[in-house]
Structures are given as C-alpha cells and as structure tokens.
1. When the residues of the stretch B:23-35 are filtered to those that are out of contact with any Pro (no Cβ under 8 Å at 6 or more places or on another chain) and of a type outside the set (D, E, K, R), which remaining residue is nearest to the other protein chains (Cβ to nearest Cβ)?
2. Of the residues in the stretch A:46-85, how many are touching a Lys or Arg at 6+ places or on another chain (Cβ under 9 Å) and not in a strand (DSSP E or B)?
3. Quick check on my filter: what residues within the stretch B:18-50 are farther than 18 Å from B:GLY159 by Cα and of a type in the set (A, V, I, L, M, F, W, C)?
4. Being outside any strand (DSSP E or B), away from chain B (no Cβ under 14 Å) and free of Cβ contacts under 8 Å to residues at least 40 places away in the same chain: is that true of A:ASP39 here?
5. Which residues, taken from the stretch B:125-143, are more than 9 Å from every other protein chain (Cβ to nearest Cβ) and within 12 Å of the chain's Cα centre (by Cα)?
6. Collect the residues in the stretch A:113-135 that are farther than 26 Å from B:HIS22 by Cβ and in contact with a strand residue (DSSP E or B) (Cβ under 7 Å, 6 or more places away or on another chain), keeping them in residue-number order.
7. Consider only pairs whose beta carbons are under 8 Å apart and that are at least six residues apart or on different chains; among these, list those whose first residue lies in the stretch B:113-124 and is more than 8 Å from every other protein chain (Cβ to nearest Cβ) and whose second residue is assigned to a strand (DSSP E or B) and surrounded by fewer than 18 Cβ atoms within 10 Å (Cβ to Cβ).
8. Which residues, taken from the stretch A:1-22, are in a loop (DSSP other than H, G, I, E, B) and either at the interface with another protein chain (Cβ under 7 Å from one of its Cβ atoms) or open to solvent by less than 80 Å² (accessible area, probe 1.4 Å) (or both)?
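The values are calculated or read from the model by the stated rules, or taken from the named source; none is laboratory data. Given the structure is predicted, the values throughout are model-derived calculations rather than measurements. Every residue, glycine among them, receives a Cβ derived from its backbone with ideal geometry; neighbour counts consider all protein chains shown. Just so you know, the surface numbers come from the protein's heavy atoms only, side chains and all, with ligands and any DNA or RNA stripped out. Shrake-Rupley method; radii C 1.70, N 1.55, O 1.52, S 1.80 Å.
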2 protein chains.
Amino acid sequence: MTPNLQPFTTLMDLELGSLVPHRQTLERRLSDMPGYYLDGAGEDGDPLVYRVHMIPVAETNAEIQCSTTVLEPGTVGDEYYMTKGHFHQIRDRSEIYIGLAGEGRLVMATEDGRHAVEPIHPGTVSYVPGGWAHRSVNVGGDRLVFFAAYVGDAGHDYGTIAERGLPVMVVAGPDGPDVIANPRYGA
Amino acid sequence: MTPNLQPFTTLMDLELGSLVPHRQTLERRLSDMPGYYLDGAGEDGDPLVYRVHMIPVAETNAEIQCSTTVLEPGTVGDEYYMTKGHFHQIRDRSEIYIGLAGEGRLVMATEDGRHAVEPIHPGTVSYVPGGWAHRSVNVGGDRLVFFAAYVGDAGHDYGTIAERGLPVMVVAGPDGPDVIANPRYGA
C-alpha cells in the first residue's frame, strides 16, 4: 500500500499531560455534567472538572486514537470529581490507560450490571476490554493525569451512562476513598 | 454485549520498562539478527540487543496490543543497536510509541522507498501510520525505553525488512548520530 499519512511526533509532558504541538482540547466544567453527581445542586460557581487533550486521527479501525486526560482534584458532595464515562459505540472495542500523575480509580461496568474498579497512578497500564463502560475518578489531592489509547473507530456512547449511571460510585469516606453502590443506578 | 474479558492492570516501570505482573518477554541477541548490520562479522560474544515485554491479548481488531521495548546502548561497526523492524502484516494498521527513557530514533519506510526519521526520548508520542515499516535505534549512552500500542490484529511481517533492509541507517558520526543511505537497500 502507498500510505497517505506522514509519521508525526507529539511531545507529551509526562507529569502535566499537555501536548506540544497543541492538538485539540475538550473541556468539561461542572455545568457540562448535569445529573452526573448525586448531590449536584448547591455548588458555588462552575469549576473546571477535566480537560482531554487529543491527537485526533481518522475514525477507522486501522488507527489508534490517543489522548491525555487531566482531572482536577475535588468533590461534589462527597463524590470525587470524575469524567462522564462512556461505552464505545462499537461495543467490543478496547482501550488502554497509562497512569502518569496523581491517584485515581478507573470505574468500569458492563451493560448487564457487573462492575470493576482498578487503580490509576504513575505506571499503571489498565486494560479496558470491549463491552466495559469506563470512567476515571480523581481520589487524590493533586491532578490526576493519564494517557489513553483506543482502536480508532470505537466511537463514544455517553447517553447510556448519562441515563443509567454506573452501578457504583467513589466517595470520600472517613478513611479514604470508598466504593459504594449507586442508589440511582438504572433509575 | 456480554464481555468475556475482565479488566486488568499491569504496573509498568516508567523508566526501566519492566512490567509487573510479568507478562511475556521476547529477547533478541546479536545472533538473532544475522544480516541486519552492515558490519555484522567480527563482534565478540553474543550481546543482548533488546528485550520486548508484552501484554498479549487476542489478535483481533477490537483489541490493543501493548508492549515496552528496552534497547541496549551499543554499536555494531558504526551502526547503533536497533530492533529488527517490521511492517504490519495487515499493512494499514497504525501504531504509537511513547518514549520513556534514553534517546533514540524511530526509522520508518514505505514499501515504495520513502523514509522518515522521528526522535524518541521521554515524552515523545510518535504516530506510525499504516503502511510504514518501523524500527527503533538507540543513539544514546543509556538504555532506550519506550511503550508501544497497536491495533490488535496488525500482525508482523519481519521478512520484507530482513530481505530488503530500510532505505537509511543510523550511524555514529563524528558529531553524533547521522542518518545515511543504506548501500544495501533493496539488494
């Protein structure tokens, strides 16, 4: 084959998650996540929750989509700041996460209600198999930074999680992060 | 879908490239690379050139194959230690490299003889588009360590490079690494 795409390099700050040259950034503030937190009301202002820096390529199964996510520290009520979470539109597509800075949890769930929680910290390589929705949660006092890569045509289905939630939530307990059942799951 | 695979975590040493739990390791000594170096004869002993630590998953286009490569410092004649290099068996499958430690070059080439050379050092995210053969070269005095991820069904075609070589080679010049034409290319 005669390839159309030329090789290229992006410089990633391994602690801050920034990309140079700057590619494409998605920003989520608390107002972008209505209904995601159990105790969503009564927050002051509209804080930044996370940014995703992307290296976008064509959405085909020949490509690898790469991004870094920078999740701010904080809570809403006792729920830690988290990403929206999604299934892949093509359900069987897998994803990997590499922890770079901070401390977090990767919360995953299947459509039939199983869940799994894995740690994220510098050096963790998490494998999110096809069929598992995934959300990251910052349980530390500093920014959580990780790199993610997935099969290029996976696509995003945010709606299922927005409507049903995930079976568990991660909250600040007296002795640190607790994983508890989500009382609104499936409602 | 009801997934069969459970999420799992591997701990990667971000400087040494080791994986815990240990997954699968491939080791290449100089004797495993006959004909790869221009000045292949006359080397003493059979030094280790590189190791690849893999997190193997099913070879389907739903999965992401991940590995770390640890390339020793050294030269054969004036050619820096390098990996064998390969095309993907499914030619259009892409790959990404993340530089973790050391200093190297990513040498790439198309079947019709174009070439590209990109740097590898901590924080580089290199995009190897489909159709580009790829080989890494350690041009520094320390180990070169990088992480790689590619679409699960890509497969490896080592034969084309073993027979034809790549259009360029990276050699130790008087002022540092030089990229020069490979006199044996295509021969």
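1. Among residues in the stretch B:23-35 that are out of contact with any Pro (no Cβ under 8 Å at 6 or more places or on another chain) and of a type outside the set (D, E, K, R), the one nearest to the other protein chains (Cβ to nearest Cβ) is B:THR25.
2. Counting residues in the stretch A:46-85 that are touching a Lys or Arg at 6+ places or on another chain (Cβ under 9 Å) and not in a strand (DSSP E or B) gives 11.
3. Selection gives B:LEU19, B:VAL20, B:ALA41, B:LEU48, B:VAL49.
4. So A:ASP39 does not fit the description; no.
5. B:ALA133, B:ARG135, B:SER136, B:VAL137, B:ASN138, listed by residue number.
6. Within the stretch A:113-135, A:HIS115, A:ALA133, A:ARG135 qualify.
7. From the stretch B:113-124, the pairs are B:VAL117/B:VAL179.
8. A:MET1, A:THR2, A:PRO3, A:LEU5, A:GLN6, A:PRO7, A:ASP13, A:LEU14, A:GLY17, A:SER18, A:PRO21
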